[in-house]
1. Can you name every residue in the stretch 219-246 that is in a helix (DSSP H, G or I), modelled with pLDDT under 85 and of a type outside the set (A, V, I, L, M, F, W, C)?
2. When you look at residue 241, is it of a type in the set (Phe, Trp, Tyr) and under 16 Å from the mean Cα position of the chain (by Cα), yes or no?
3. Starting from the stretch 99-114, take each residue that is closer than 17 Å to residue 237 by Cβ and list its partners that are of a type in the set (Asp, Glu), counting only C-beta distances under 8 angstrom and pairs at least six apart or across chains.
4. If you scan the stretch 127-179, which residues turn out to be out of contact with any Phe, Trp or Tyr (no Cβ under 7 Å at 6 or more places or on another chain) and not in a helix (DSSP H, G or I)?
5. Could you tell me which residue of the stretch 141-176 is nearest to residue 223 (Cα to Cα), considering only residues that are within 10 Å of the chain's Cα centre (by Cα) and aromatic (Phe, Trp, Tyr)?
6. Answer yes if at least one residue in the stretch 190-202 is of a type in the set (Gly, Ala, Ser) and either at pLDDT 90 or above or closer than 15 Å to residue 143 by Cβ (or both), and no otherwise.
7. If you take the residues of the stretch 156-193 that are touching a residue at least 12 places away in the same chain (Cβ under 8 Å), aliphatic (A, V, I, L, M) and more than 29 Å from residue 75 (Cβ to Cβ), which of them is surrounded by the most Cβ atoms within 10 Å (Cβ to Cβ)?
Amino acid sequence: MNAIYILWLRQIKRYIRSKARIVGSLGQPVLFLVALGFGFGPIYQKAGGGDYLQFLAPGIIAMGILFTAIFSGIEIIWDKQFGFLKETLVTPVPRLNIMIGRTLGGATVAVIQGIFVFFLSMIIGFRPSNFAMIPVAFVFMFLIAILFTALGTAIASKLEDMQGFQLIMNFLVMPLFFLSGALFPLDGLPNAMIIVAKMDPLAYGIDGLRGSLSGISQFGMINDFFILGIIAFFLLSVGGYLFSKIEL
């Protein structure tokens with residue numbers, strides 16, 4: 001347990017020390033909120049959809065968590081190349097504990113990122129429909145963060161260079177985001193796209209966030225919670241296994 005706590009704390013300290021990383025990672029969410037929220041807002045309202053920013057903000061919060069969580073896997077490759085990971089793995093600590101500590105740390109950093117985006121969205125004009133549901137939104141933020149941090153760890157455990165990781169992420173992250181319903185409602189889409197969206201785990205995270213923050217839920221928040229939990233547990237198991245097979 002001490003190893004898990006130490007690695008969890010180490011990930012958070014890395015994030016806090018990198019002020020440029022904190023500021024830079026907020027740029028894209030703010031751009032999406034302002035450009036899309038105000039740019040497409042009038043069109044969305046004329047179509048009878050209501051306030052687009054209320055619909056958009058939960059998706060952008062999830063986007064901030066997604067990118068921060070899944071790219072935390074890059075740190076494993078970085079540590080491999082500079083020998084830091086070897087120093088960690090040779091310690092008399094089970095590799096599963098090391099993986100859990102890193103995953104919890106990366107997920108915590110991603111949740112902090114999501115909270116920053118949440119407060120920025122409120123400054124821009126977003127308002128939760130029920131402030132009592134904000135703790136539920138934080139639960140969904142944490143589930144999204146755990147799921148995609150574990151996915152990033154699993155992928156990074158099998159790669160040796162950052163170029164390969166970035167290539168895979170570009171083919172994985174952007175489809176996950178754009179097919180999740182973060183930017184547009186899934187109602188009325190062709191059946192093929194709805195089926196694809198239902199296979200996207202991020203769709204359930206965004207639906208849970210949107211249900212708790214904006215009162216809009218398509219799949220049902222209980223379904224969102226259990227599906228996210230099951231997928232997160234599965235990816236943690238896969239990530240733990242692949243991480244245990246890393247060769248020094």
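The values are calculated or read from the model by the stated rules, or taken from the named source; none is laboratory data. Source: prediction; values computed, not measured. In this analysis, Cβ positions are derived from the backbone assuming ideal geometry, glycine residues included, and neighbour counts consider all displayed protein chains.
1. 239, 240, 241, 244
2. no
3. 102/75; 106/75
4. 127, 128, 129, 130, 158, 160, 161, 179
5. The residue in question is 142.
6. Within the stretch 190-202 (the criterion being of a type in the set (Gly, Ala, Ser) and either at pLDDT 90 or above or closer than 15 Å to residue 143 by Cβ (or both)), the answer is no, since none of the residues qualifies.
7. 186
For (1) under 20 Å from residue 146 (Cα atoms); (2) surrounded by 14 or more Cβ atoms within 10 Å (Cβ to Cβ), each residue gets a yes or a no:
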| site | (1), (2) |
| --- | --- |
| 207 | yes, yes |
| 210 | yes, yes |
| 214 | no, yes |
| 221 | yes, yes |
| 228 | yes, yes |
| 233 | yes, no |
| 237 | yes, no |
| 240 | yes, yes |
| 243 | yes, yes |
